[in-house]
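The values are calculated or read from the model by the stated rules, or taken from the named source; none is laboratory data. What you see is a predicted model; the values in this text were computed from it and never measured. Quick reminder, even Gly has a Cβ in these numbers, built from the backbone with ideal geometry, and neighbours come from all protein chains shown. Note: accessible area is taken over every heavy atom of the protein model, side chains too, but ligands, DNA and RNA are not part of it. Shrake-Rupley method; radii C 1.70, N 1.55, O 1.52, S 1.80 Å.
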Amino acid sequence: MPEIRPLQAHDLPVVADMFQRELRRQRTPAPPSLAGYLKRLYLDATNSDVGSPSLVHIGDNGNVSGFVGVTSMPMRFADIRLSASICGSLMVNADQRNDLAGARLLKAFLAGPQDISFSETASDVTAHMWMTLRGSILMKYSLDWVKIIRPASFVVAAAKAKVPLAGLATPLARLADAGLGLYRNGDFSRWFGANAATSQTGRYTLADIDEEGFSSLIGQFTSKFPVHPAWDDALLRRIMSDASTKQDFGGTVRCTVSARTSAIIGAFMYFGDAGDIGHVLQVLALPGQAGAVIDCLIAHAAAAGLAGIRGRTQPALLEAMLGRRIFFFNVNSTVVHARDPELVRQFQAGNGFFNGLVGEHRSRIFGDRFD
């Protein structure tokens with residue numbers, strides 16, 4: 001009979017190979033460093049008092065045939081302390097996908113002791129399973145966004161991610177963008193480039209900060225949400241350490257945005273190198289200041305030579321983004337499940353802080369190397 005049980009250390013080599021095949025789309029064996037990181041992420045950092053453990057599905061042959069990675073996070077709603085579990089990669093071996101292993105894993109995860117469960121990487125199939133088990137899709141948290149800064153370079157950078165030889169066209173793309181820059185006016189300049197954003201940033205000061213400095217700011221921005229993470233120092237240090245290295249995405253950028261009074265009104269963190277498409281992990285902004293922070297982010301990326309930037313929406317930022325010629329699309333959905341319907345309503349109203357550092361994309365699994 002199939003069995004579902006918590007992940008154990010001796011499962012890690014098999015789970016790492018599954019990650020290598022199913023998530024990273026590589027045919028080579030998983031390097032030992034990947035199994036080591038999965039141990040750190042899913043075993044060493046797990047607090048059984050906070051939420052569900054990671055789970056494996058054992059097939060009839062006694063072998064691991066499926067896996068769901070789970071990280072725990074304490075949260076707070078008003079004066080109530082909550083246990084939250086973030087459902088990461090839900091994977092099943094290709095030859096087992098028709099035997100309900102994925103559904104069994106998800107059902108077992110949602111039956112755990114946590115007060116609230118999330119995922120930000122639910123495919124259409126997985127999202128349907130969540131809804132069947134009384135979960136909800138959070139539409140305002142489920143959109144990816146893109147701001148194109150240098151159109152020709154953006155096309156080449158996007159193509160290069162699929163066909164590396166496309167990078168040979170980079171010099172031509174730079175020349176094309178330089179030519180287009182001479183004619184940026186009207187609708188073209190509003191949709192592409194950073195002219196509009198740059199013209200709005202003169203009243204603000206940007207300053208680079210390190211990992212510790214960014215960590216020290218997070219609480220003052222996240223605590224303004226009715227439902228927010230209740231990180232302790234040790235957990236926040238571990239999260240920031242994981243989130244600060246993504247070699248496939250480029251160099252790490254962290255900046256504060258300050259008004260003329262020197263008061264910090266926001267901050268942002270992204271990864272990217274000149275000519276590439278930057279990946280924005282987190283944007284923080286005080287109420288009413290989201291537009292200014294987004295303009296500063298776009299202007300900073302443009303000055304750094306990026307072809308464009310992309311990230312994941314949060315309701316608190318969505319309204320400001322709508323007026324800045326940003327493209328939106330859906331790749332995976334953010335989903336939530338809770339026994340208390342009020343918690344679900346809070347997130348449906350955009351009152352919860354999720355995605356970015358509170359989610360799966362902060363881990364090294366997304367964007368880092370394990371060579």
* Asked: When you take every Cα atom in the chain, what is the radius of gyration, and what is Dmax, the widest Cα pair distance, in Å?
  -> 21.1, 68
* **Separation in nanometres of the label points that stand 7 Å from Cα toward Cβ, at Val146 and Ala207** => 3.6 nm
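Would you please give the FRET efficiency between Asp273 and Glu3, computed as 1/(1 + (r/R0)^6) with r the Cβ-Cβ distance and R0 = 41 Å, to the nearest 0.05? Let's see the in-between values first.
Details: r = 46 Å, r/R0 = 1.12.
Computed FRET efficiency for Asp273 and Glu3: 0.35.
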* Nearest 10 degrees, 0 to 90: helix 151-162 Cα axis against the chain principal axis -> 20 degrees
* Pop the C-beta distance of Ala234 and Ala259 into the FRET formula with R0 = 45 Å and round what comes out to the nearest 0.05. => 0.90
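Please say if segment 248-334 is rounded, prolate or oblate, where rounded means a/c under 1.5 for a ≥ b ≥ c the square roots of the C-alpha gyration tensor eigenvalues, and otherwise the choice is prolate for a/b larger than b/c and oblate otherwise?
Working: a/c = 1.77, a/b = 1.15, b/c = 1.54.
Verdict is oblate for segment 248-334.
Expected output is a single nm value to one decimal: the length gained when fully extending between Glu342 and Leu43, i.e. 0.36 nm times separation in residues minus the C-alpha distance. What is it? Intermediate results must be reported in sequence, preceding the final value.
Working: separation 299, 0.36 × 299 = 107.64 nm, distance 3.07 nm.
My answer for the length gained is 104.6 nm.
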* Structure fact -> Expected field for Leu322, accessible surface area in Å² at 1.4 Å probe radius, rounded to 10, holds 120 Å²
* Is the shape of segment 219-371 rounded, prolate or oblate, going by the alpha carbon gyration tensor and its root eigenvalues a ≥ b ≥ c, with a/c under 1.5 for rounded and a/b larger than b/c for prolate? -> rounded
* Asked: Hey, if we sort Ser216, Ser85 by accessible area with the 1.4 Å probe, largest down, what's the order?
  -> Ser216, Ser85
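Please give the calculated 222 nm ellipticity per residue for the chain, where each DSSP H segment of at least 4 residues contributes -39500 (n - 2.57) and the sum is spread over every residue; nearest 500 deg cm²/dmol? Walk me through the numbers on the way to the answer.
Values: 13 runs with 122 residues, N = 371.
Value at 222 nm, helices only, nearest 500: -9500 deg cm²/dmol.
Is the shape of segment 231-282 rounded, prolate or oblate, going by the alpha carbon gyration tensor and its root eigenvalues a ≥ b ≥ c, with a/c under 1.5 for rounded and a/b larger than b/c for prolate?
oblate
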* Just grab the label-to-label distance for Arg81 and Leu217, each label 7 Å out from Cα along the Cβ direction, in nm (one decimal). => 2.9 nm
* To do: Enumerate the lysines that Lys224 could reach by cross-link, defined here as Cα to Cα under 21 Å, with residues fewer than 8 away along the same chain left out.
  => Lys140
